[in-house]
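The values are calculated or read from the model by the stated rules, or taken from the named source; none is laboratory data. Note that the structure is a prediction, hence the values are computed from the model and not measured. Counting neighbours? That spans all protein chains shown, and the Cβs are built from the backbone with ideal geometry, glycine included.
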Amino acid sequence: MPKDGIGASVKRREDLRFLTGTGRYTDDINLRGQAHVHFLRADVAHATLNAVDTSAAAEMPGVLRIFTAKDFEGVGGLPCGWQVTDKHGQPMQEPKHPILAEGKIRHVGEIVAAVVAETLEQARDAAEAIELDTEDLPAVIDMKQAVAEGAPKVHDELTSNLCYDWGFVEENKAAVEEAFANAAHVTTLELVNNRLVANPMEPRVAIGDYALHDDSSTLYTTSQNPHVIRLLMGAFVLGIPEHKLRVVAPDVGGGFGTKIFHYAEEAFCTFAAKQLRRPVKWTSTRSEAFISDAHGRDHVTKIQLALDADNNFTALRTDTYANMGAYLSTFAPSVPTWLHGTLMAGNYRTPLIYVNVKAVFTNTVPVDAYRGAGRPEATFQLERVVDKAARELGVDPAELRRQNFIRKDQFPYATPVAVEYDTGDYEATLDKAMQMAGYAGFETRRAASAAKGKLRGIGLSHYIEACGIAPSNLVGQLGARAGLYESATVRVNATGGLVVMTGSHSHGQGHETSFPQVVADMIGISPDQVEIVHGDTANTPMGMGTYGSRSIAVGGSAMVRATEKIIAKAKKIAAHLMEASEADIELKDGAFSVAGTDKSVAWGDVTLAAYVPHNYPLDDIEPGLEETAFYDPANFTYPSGCYICEVEVDPDTGRVEVQSFAAADDFGNVINPMIVEGQVQGGVGQGIGQALLENCVYDADGQLLSASYMDYAMPRASDLPMIDVDHSCQTPCTHNPLGVKGCGEAGAIGSPPALVNAVIDALQRDGKSVSHIDMPLSPARVWAAMNA
Amino acid sequence: MYNFDFVKPSTVEEAVAALADDEAQPLSGGQTLIPTMKQRLNAPETLVSLLGIEALKGVTVGGDRVTIGAATTHATVAREVAEAYPALAALAGNIGDPAVRNRGTIGGSLANNDPAACYPAAALASGATVVTNRREIPADEYFEGMFATALEEGEIITRVTFPIPEAAAYVKFEQPASRFALAGVFVAKFAGGVRVAITGASEEGVFRWSEAEEALSGNFSAGAVSALSLDADGMMADLHGSAEYRAHLAKVLTGRAVTAAG
């Protein structure tokens, strides 16, 4: 076991500051002379906005200026980063997403006016004096009603509330229909993938600053991808060239996807700071977060699986309504399509697949990527329908899966949904998880539960995800308006220490610990000699940020490439110093030696020579030791795994208690096992949250009923079992230099179906004819299903 | 939060005088009031803290009863009543979280009478007496529906006296988000009969289930209530449970409380 290099469970160096309260989050930043903004947000879901009278409010104490949509004439709307093409070849309907509501209110929480004042309380007081002239319109909330004939329109300028009607793979549709017609058995399941609010511990914050002396703007923000914000806001919204705009995302307290997107508040603070020549700060309250952070999931799906007489999967078709909310958030259109449809093969050899997705506008908060983003929705429906099929056919759910797995000798495997899995061994993780879970001994535990009056069930799910997002040329063809490479600059100092400036962003993932392990391992020095810099566009190369379990696979690969360049140059210097041929230079344990001799120079001697080039091949190479690499992956990575969950259901109350959870993941190579285990456990915690507790609910008028922690149930430690994690089944990725696949989202993807399958198993073993319960499996819902 | 004046009198008389102002509100822990003020949903001009009044604090155990000062925190009750009235102490020790238990008070809870609060169930099932600066109010006459009590303007609770039952238990089924009672049942067995109070379930707030009381007074076992049922009419319904579910839950919890009481 390496002491502190690749594969070592090095303790997280960033935790010292996080655990001692000395992290520096955006809200910790207070700029001299800063003003505060309070956003007046719509309290109705759908209304005309005829006039905003700020005259009385403007006279209130401390008010610097009140902004309305009129102040943003000539300013762009918030851009959408992905254009989906529908099944007829037409681009999606893409309405303008204004910074402040223009003429119409489209969801509760939309910004109607912004009051900037000396203090936050003054801004709030003044906001109460703003008079709105509005006329309520019928709200469009239910997706199927939204696309029905004659439904009120969220956007009057669009033809309907249908953003797009996507078919994938359209050419397969007829063959899929035929396979269903010939099937020996068809399993059908209708389900809801419940809408979620991400709820990172740190709410969003934005501080705009403007420097008159060089006409530059700075935005401090809670972002997973500061360069993306700089590009979107600078180029598309405010028209600020990138060299005049700096975006800083310092310590960020959790993102889970909802801090990927470019939000109105960021553009507002940057814009207002320049207008007022004062820094402008906004810190979201938790209440605001519920109605302004992009929500996640919210799919309504009908899925059907066709099987032949030998229980082989012959075809799959699925119809999904995906809620976009009132506007298209940054990556919203890609989530139910390219991050969802392409995963519908799962771990199986299903030869024919057709996916239809109707994306729908409603008078709700925009919906976008949330931990897993499309892949949890794909995995949930697939693993639920496979489980249902096994129960209908009377076969063991594990064995039906095993029978239909892509076998390990079939890789690389091209699925019928456009992706090619490079590696995998699904039976290995299935066997491992079954062993961890004590699958064979379930009956004994069930009997023990029964003796206590509890119903026990066991459920499993097998997931695959596409991570390491993403090959730029491929996603460009699919409608992405961005490249998805990653960058790293490795700067070696004269005395041998290194600074790695990465375009990845850490908001809980532990990059400051795991990234140095890689670089240090390559050179053979201590990770303590490597520092990671991220989160500031002023001192990192253009990068795309952290989401989609991409950082080690893409950002780490960029870092490897840059370090390889460093090593190559250092070898040239070492060869010169030892008067040897470059081809004979070996680097080991932080020293360069000449093969077959006892000649050696230390890493620090070489780095010093690079910066004090007295004895140096100046004719051949430049002084200094700093290299940058951009890495664009050749393919997605395909982590996979098997999760097994055991539950007890209280038949009298419907309460579900998770008894055990076993997760066997194949992440390829693993850099820091401790961090990987933490990522899986955190993801499983969120997945259990979705499956048992969390639910974002609107009423028919578009009021958010679950708008605080009084009604939105977050998972707590007491809701979770010990989560048993294993990552010993490793089929390394074949196309990135570290052989890594990414682990950030797996837990949230694989766990909800395992848990729901376990509850259904418990009820069916008790003789109940319950075949599905929609998440969250709250006590009331489970009890109602049992007593239906 | 809007601006407000804050006074912290040291006697009940001073507090009553300060509360004579229409725009003044008493503060006794503030675990409901302060969050609503922060959200600007409540805007008293003056907050009159009762926590400076030493006479309102503390626990006295005497003979067959426990008397708790109105400004006594849940944490104190959990600690100091554990021996004399364990079911009451256990209830207090499971309200909210440690921060809530170290700020919230029994007087504040009973004056607020949240329909999902725990203390009202204990007071009603125990047949407690709510003592105010003016009078003594039996629990049966004190609770008047959701957030409504017999307290009049200018009347503040000074202490609550609980008769100690022979056996008792409180069983709470938590609402998944707030962890308030989705339903909570306090069962108390006295020489003269059994009292059953249910919180969290009814649109009218805490109530006694007389049918169960009768059955349990004859036979104090879970089986005695298994054939009974509560009417779903008048039960609360929301995201977390239907009226039918709450009615069912209250019955299940009654049986469990009886079993727990032993």
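Highlighted here are the strands (runs of 3 or more DSSP E) found entirely within segment A:50-167 that include at least 1 residues which are touching a residue at least 12 places away in the same chain (Cβ under 8 Å) and not hydrophobic (A, V, I, L, M, F, W, C): A:63-67, A:131-136. Against the list (1) closer than 30 Å to A:ASP86 by Cα; (2) in a strand (DSSP E or B), the condition A:ARG456 fails is (1).
Screening A:PRO633, A:PRO613 for residues that are away from chain B (no Cβ under 14 Å), modelled with pLDDT of 95 or more, assigned to a loop (DSSP other than H, G, I, E, B) and touching a helix residue (DSSP H, G or I) at 6+ places or on another chain (Cβ under 6 Å) leaves exactly one candidate, A:PRO633. Selection of segment A:253-300 for residues being crowded, with 23+ Cβ neighbours inside 10 Å and hydroxyl-bearing (Ser, Thr, Tyr) yields A:THR258, A:TYR263, A:THR270, A:SER292. Regarding segment A:578-601, can at least one residue be identified that is within 22 Å of A:ILE469 (Cα to Cα) and either buried (at least 16 other Cβ atoms within 10 Å of the Cβ) or among the aromatic types (Phe, Trp, Tyr) (or both)? No - not one qualifying residue is present in segment A:578-601.
Residues of segment A:168-191 that are part of a strand (DSSP E or B) and surrounded by fewer than 16 Cβ atoms within 10 Å (Cβ to Cβ): A:HIS185, A:THR188, A:GLU190. Looking across segment A:750-764 at every residue that is more than 22 Å from the chain's Cα centre (by Cα) and crowded, with 17+ Cβ neighbours inside 10 Å, the one that is farthest from A:LEU430 (Cα to Cα) is identified as A:LEU763. Residues in segment A:710-726 that are facing chain B (nearest Cβ under 10 Å), in a loop (DSSP other than H, G, I, E, B) and either farther than 26 Å from A:PHE661 by Cα or not aromatic (Phe, Trp, Tyr) (or both): A:MET710, A:ASP711, A:ALA713, A:MET714, A:PRO715, A:ARG716.
Rundown of residues vs (1) part of a loop (DSSP other than H, G, I, E, B); (2) at pLDDT 95 or above; (3) more than 14 Å from chain B (Cβ to nearest Cβ); (4) in contact with a Leu (Cβ under 9 Å, 6 or more places away or on another chain), yes/no style:
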residue: A:SER728; (1), (2), (3), (4): yes, yes, yes, no
residue: A:PRO737; (1), (2), (3), (4): yes, yes, yes, no
residue: A:CYS743; (1), (2), (3), (4): yes, yes, yes, no
residue: A:GLY750; (1), (2), (3), (4): no, yes, yes, no
residue: A:PRO753; (1), (2), (3), (4): no, yes, yes, yes
residue: A:ALA758; (1), (2), (3), (4): no, yes, yes, yes
residue: A:GLN764; (1), (2), (3), (4): no, yes, yes, no
residue: A:SER771; (1), (2), (3), (4): yes, yes, yes, yes
residue: A:VAL782; (1), (2), (3), (4): no, yes, no, yes
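Here's the yes/no breakdown for (1) surrounded by 13 or more Cβ atoms within 10 Å (Cβ to Cβ); (2) modelled with pLDDT of 95 or more; (3) in the same structural domain as B:ASP114 (by TED's automatic domain parsing); (4) of a type in the set (A, V, I, L, M, F, W, C):
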position: B:GLU13; (1), (2), (3), (4): no, yes, no, no
position: B:GLU23; (1), (2), (3), (4): no, no, no, no
position: B:PRO35; (1), (2), (3), (4): yes, no, no, no
position: B:ARG40; (1), (2), (3), (4): no, no, no, no
position: B:VAL66; (1), (2), (3), (4): yes, yes, yes, yes
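Residue-level check: of (1) more than 14 Å from chain A (Cβ to nearest Cβ); (2) hydroxyl-bearing (Ser, Thr, Tyr); (3) within 26 Å of B:ASN42 (Cβ to Cβ); (4) surrounded by fewer than 21 Cβ atoms within 10 Å (Cβ to Cβ), B:THR105 misses just (4). Residues considered: A:VAL560, A:VAL530, A:VAL519. Of these, the only one that is touching a residue at least 60 places away in the same chain (Cβ under 8 Å), farther than 23 Å from A:CYS80 by Cβ and touching a helix residue (DSSP H, G or I) at 6+ places or on another chain (Cβ under 7 Å) is A:VAL560. Here B:ALA167 passes the criteria (1) touching a Lys or Arg at 6+ places or on another chain (Cβ under 8 Å); (2) within 14 Å of another protein chain (Cβ to nearest Cβ) except the one numbered (2).
Please determine, by comparing only the residues of segment B:212-262 that are within 11 Å of another protein chain (Cβ to nearest Cβ) and among the polar types (S, T, N, Q), which one is surrounded by the fewest Cβ atoms within 10 Å (Cβ to Cβ). Here the answer is B:SER226.
For the structure I just gave you, tell me whether B:ARG246 is more than 16 Å from B:ALA125 (Cβ to Cβ), of a type in the set (Lys, Arg) and in contact with a strand residue (DSSP E or B) (Cβ under 6 Å, 6 or more places away or on another chain). It is true that B:ARG246 is more than 16 Å from B:ALA125 (Cβ to Cβ), of a type in the set (Lys, Arg) and in contact with a strand residue (DSSP E or B) (Cβ under 6 Å, 6 or more places away or on another chain).
Note on segment B:1-89: enclosed helices (runs of 4 or more DSSP H) holding 2 or more residues that are within 26 Å of B:ARG134 (Cβ to Cβ) and of a type outside the set (Val, Ile, Thr) are B:12-18.
Go through segment A:291-326 and give me each residue that's part of a strand (DSSP E or B) and of a type in the set (Ser, Thr, Tyr). Of everything in segment A:291-326, those that are part of a strand (DSSP E or B) and of a type in the set (Ser, Thr, Tyr) turn out to be A:THR301, A:THR314, A:THR318, A:THR320, A:TYR321. Of the residues A:ALA123, A:ALA127, A:ALA117, A:ALA113, the single one that is modelled with pLDDT of 95 or more, farther than 14 Å from A:ARG41 by Cα and among the small types (Gly, Ala, Ser) is A:ALA117. Checked against (1) away from chain A (no Cβ under 14 Å); (2) closer than 19 Å to B:LYS251 by Cβ, B:ALA183 passes all but condition (1).
Of all residues in segment A:267-278, those that are within 10 Å of A:ILE99 (Cβ to Cβ) have Cβ atoms under 8 Å from Cβ atoms of residues that are part of a helix (DSSP H, G or I), 6 or more apart or on another chain, in A:ALA267/A:MET233; A:ALA267/A:VAL237; A:ALA267/A:LEU238; A:PHE271/A:PHE72; A:PHE271/A:LEU238.
Matching residues to (1) surrounded by fewer than 22 Cβ atoms within 10 Å (Cβ to Cβ); (2) more than 19 Å from A:THR734 (Cβ to Cβ):
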{"position": "A:PRO351", "(1), (2)": "yes, yes"}
{"position": "A:TYR354", "(1), (2)": "no, yes"}
{"position": "A:THR362", "(1), (2)": "no, yes"}
{"position": "A:ASP422", "(1), (2)": "yes, no"}
{"position": "A:ASP425", "(1), (2)": "yes, no"}
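Scanning segment B:214-257 for residues that are touching a residue at least 40 places away in the same chain (Cβ under 8 Å) and either of a type in the set (Ser, Thr, Tyr) or not assigned by TED's automatic domain parsing to the domain that holds B:PHE173 (or both) yields one hit, B:THR254. For segment A:665-709, the set of residues classified as within 14 Å of chain B (Cβ to nearest Cβ) and assigned to a strand (DSSP E or B) consists of A:TYR698, A:LEU704, listed by residue number.
The rows are residues; the columns are (1) modelled with pLDDT of 95 or more; (2) surrounded by fewer than 18 Cβ atoms within 10 Å (Cβ to Cβ); (3) in contact with a strand residue (DSSP E or B) (Cβ under 7 Å, 6 or more places away or on another chain); (4) part of a helix (DSSP H, G or I).
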residue: A:VAL475; (1), (2), (3), (4): no, no, no, yes
residue: A:ALA488; (1), (2), (3), (4): yes, no, yes, no
residue: A:ALA494; (1), (2), (3), (4): yes, yes, no, no
residue: A:MET501; (1), (2), (3), (4): yes, no, yes, no
residue: A:SER504; (1), (2), (3), (4): yes, no, yes, no
residue: A:GLN517; (1), (2), (3), (4): yes, no, no, yes
residue: A:ASP521; (1), (2), (3), (4): yes, no, no, yes
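Residues of segment B:32-71 that are free of Cβ contacts under 8 Å to residues at least 40 places away in the same chain and of a type in the set (Gly, Ala, Ser): B:GLY58, B:GLY62, B:GLY63.
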